[in-house]
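Read the structure below first, then the notes.
The values are calculated or read from the model by the stated rules, or taken from the named source; none is laboratory data. Bear in mind that the values here come from a model prediction, so they are computed numbers and not experimental data. For neighbour counting, all protein chains shown are included, and Cβ atoms are generated from backbone atoms with ideal geometry for every residue, glycine included. What goes into the accessible areas is simple: the full protein's heavy atoms, side chains included, and nothing from ligands, DNA or RNA. Shrake-Rupley method; radii C 1.70, N 1.55, O 1.52, S 1.80 Å.
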Amino acid sequence: MKVWKRAGVVLAVVLLFAEWEPVPGMPVVLATTKTREEIEREQQEKDNLQNELDKTQENLDHLEGKRDSLEKELSYLKSQMDMVVANLEELERLTKEKEQEIKDTLEALEEARAKEAWQQQSMAAMVRCMYEQQENSYLNTLLTAGSFGELLNLADRMEKIAAYDQKMLETYINNRTFIEEQEARLETEKAELDVLTAQAQAERDKVSGLIEQASSSISRYSGQISDAEQKALAYEAEIKKKEENLEYLKKKLAEEIALSQAAANGVWRNISEVTFAEGDRKLLANLIYCEAGGEPYEGQVAVGSVVINRVLSSQYPDTVVGVIYQSWQFSPVASGRLDLALAADQATDSCYRAADEAMSGITNVGNCVYFRTPIEGLSGINIGGHVFY
């Protein structure tokens, strides 16, 4: 926006002088054709650079769009990775639990088999004992019963013992069968968990690969964006240089047209004829601070001298306020920086001393009424980072 604003101002200056008519009878120094050709050539080169800058900006916008899209995709992939990792951790937790259940089940199975074997051995021993006894011993036992009721109780007790042993054996067998079924079920579930874990690991590896690919693409686009930004900055610097050259050439053209009028009417006052208003010293010191605060003291005096030279010349306003606030003369005025400096009185002691010297009539740049950063083709008095002319 700043570039087009400046270009509009330059165009307005050109149109202003294009419509200017010399005063009858006044000598006129005509603008040379060479200067006009230089202006046209510089303008064409600036337009070409602007076109290249526009193309570079379009490419930059495209690259940034690609990068933004990839960054969104990367963000989605990372969220997917978080879900996959969480799922994998849950599967690993469940697998450990199943492994512990299987271990506990195997221990229970071993215990059940041991109890079953013990019960079988007990029943076998009892049967063997019964068969090894003589029939008359069993009969004597029955006959020694004191009564028939006692005989029945004895027979019933022996039957119950045998039934209990049989029941316990069946219980142990059923328990062992149940535990074996549980073991088989747990082994199946663990196998299923192993399959799910392998799938989750494969998904994690896949997403990890996609993340790496997206990150690599983002890095590549970021590099291309950096290159495009550097290219755009280079074009902007060239355009700025062309604009400065155009500004100088157009100013030179305007000066060539106005030279005769300045020569005919050039009247200079003496410093003793100037009456400074209250606040002029502060205003001049703060302008010096904005324009040359980082320059050596000689450069600060030179800036102050340019302002006072304009006050003395009949071609400019005859007051410090009028000269400084004349339209499009000093950039800190247009940018608002001078107002900020004045509000805080940022001018240093050296800036105030330079203002005092200039206001006393001391000048180290002769009658120069312009200064700027040096550009090719502009000659004058070079002090610090400025050329005075």
- request: Note down the nm distance, to one decimal, between modelled labels 7 Å out along Cα→Cβ at E192 and at D205.
  value: 2.5 nm
task: Determine how large the accessible area of Y325 is when every protein chain is in place; take a 1.4 Å probe and give Å² rounded to the nearest 10.
output: 90 Å²
- line: Taking a straight Cα-to-Cα line shorter than 25 Å from K251, and setting aside same-chain lysines fewer than 8 residues away, one finds K2, K5, K34, K46, K240, K241, K242
message: Suppose accessible area is computed on protein heavy atoms with a 1.4 Å probe; arrange D156, D227 from highest to lowest.
response: D227, D156
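In whole angstrom, how long is each semi-axis of the equivalent ellipsoid of the stretch 326-389, when you take the square root of 5 times every eigenvalue of its Cα gyration tensor and sort them from largest down? Kindly include the intermediate steps, with their values, before the conclusion.
Working: eigenvalues 100, 62, 23 Å².
Three semi-axes, in Å: 22, 18, 11.
For an R0 of 41 angstrom, estimate the FRET efficiency from the Cβ-Cβ distance between D61 and S314 and round to the nearest 0.05.
0.20
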statement: The correct ranking of V321, V207, V333 by accessible area at 1.4 Å, largest first, is V321, V333, V207
- line: With every protein chain in place, the accessible area of I362 for a 1.4 Å probe, in Å² rounded to the nearest 10, comes to 80 Å²
- request: With label points built 7 Å along Cα→Cβ from the Cα atoms of S360 and M168, find their separation and express it in nm.
  value: 12.7 nm
query: Label points 7 Å out from Cα along the Cβ direction at I161 and E89: separation in nm?
result: 6.3 nm
statement: Length gained, F178-A237, 0.36 nm per residue minus C-alpha separation, equals 12.6 nm
task: Heads up, I need the accessible area for L94: 1.4 angstrom probe, whole protein in place, Å², nearest 10.
output: 60 Å²
